[in-house]
Amino acid sequence: MSNTYWLINLKSEEYLKNSSNKRNQIFMNQDKKKVSRMSSGDMLIFYISDKNRFVGISEIRSDEAEELSNKNLSVKVKKTNHLNINNSVDGDQLGPRLEYVKRWAPERWQLAMVGSLHIISQNDYNLIDSSINNKPNIIVLS
């Protein structure tokens with residue numbers, strides 16, 4: 001079975017709050033249908049919308065989401081490559097090159113990021129992955 005490549009769109013404060021939890025990623029209940037499609041081995045890319053930065057990649061490590069008491073969902077992840085927000089990949093340099101955003105004008109590529117969770121192609125994943133891996137100061141969490 002092939003992997004699915006997910007892109008999560010977060011505000012910086014949500015990312016920082018979730019990044020302190022090294023083993024789980026919290027999703028909003030409104031994304032329950034998409035989250036239910038996640039499986040172990042899928043990859044999750046983090047995009048910080050208020051900073052316009054691609055900051056990291058994690059691997060999904062569970063086949064089912066756990067419903068939390070506050071109606072949010074939790075999925076086990078293994079954080080692999082994460083950058084400091086200040087040293088992460090500039091969205092305006094990378095975003096317009098993604099296949100996922102090609103129906104929008106290059107200067108308006110961020111319209112494709114409306115919503116919190118998106119499925120992207122393997123080509124887009126590879127482009128973002130190589131951009132993150134080529135930046136210095138990668139934080140590898142295990």
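The values are calculated or read from the model by the stated rules, or taken from the named source; none is laboratory data. Just so we're clear, the structure is a prediction, and the values are computed from it rather than from any experiment. Reconstructed Cβ throughout: ideal geometry from the backbone, glycine too, with neighbour counts over all protein chains shown. Areas reflect the complete protein model, heavy atoms only, side chains present, ligands, DNA and RNA absent. Shrake-Rupley method; radii C 1.70, N 1.55, O 1.52, S 1.80 Å.
Residues in the range 98-141 that are open to solvent by 40 Å² or more (accessible area, probe 1.4 Å) and β-branched (Val, Ile, Thr) were compared, and the one that is modelled with the highest pLDDT is ILE119.
One residue alone among LYS78, LYS102 is among the basic types (Lys, Arg), over 16 Å from LEU10 (Cα atoms) and either touching a residue at least 60 places away in the same chain (Cβ under 8 Å) or in contact with a helix residue (DSSP H, G or I) (Cβ under 6 Å, 6 or more places away or on another chain) (or both), and that residue is LYS78. Note on the range 47-79: residues that are closer than 20 Å to GLY115 by Cα, assigned to a strand (DSSP E or B) and either in contact with a Cys (Cβ under 6 Å, 6 or more places away or on another chain) or basic (Lys, Arg) (or both) total 1.
In the range 36-82, the qualifying residues are those that are of a type in the set (A, V, I, L, M) and within 26 Å of ARG97 (Cα to Cα), and the one that is surrounded by the fewest Cβ atoms within 10 Å (Cβ to Cβ) is MET43.
Do the conditions hold for TYR100, that is, is it in contact with a strand residue (DSSP E or B) (Cβ under 6 Å, 6 or more places away or on another chain) and part of a helix (DSSP H, G or I)? In short, yes.
In the range 20-53, how many are in contact with a Ser or Thr (Cβ under 6 Å, 6 or more places away or on another chain) and within 16 Å of ILE132 (Cα to Cα)? Counting residues in the range 20-53 that are in contact with a Ser or Thr (Cβ under 6 Å, 6 or more places away or on another chain) and within 16 Å of ILE132 (Cα to Cα) gives 4.
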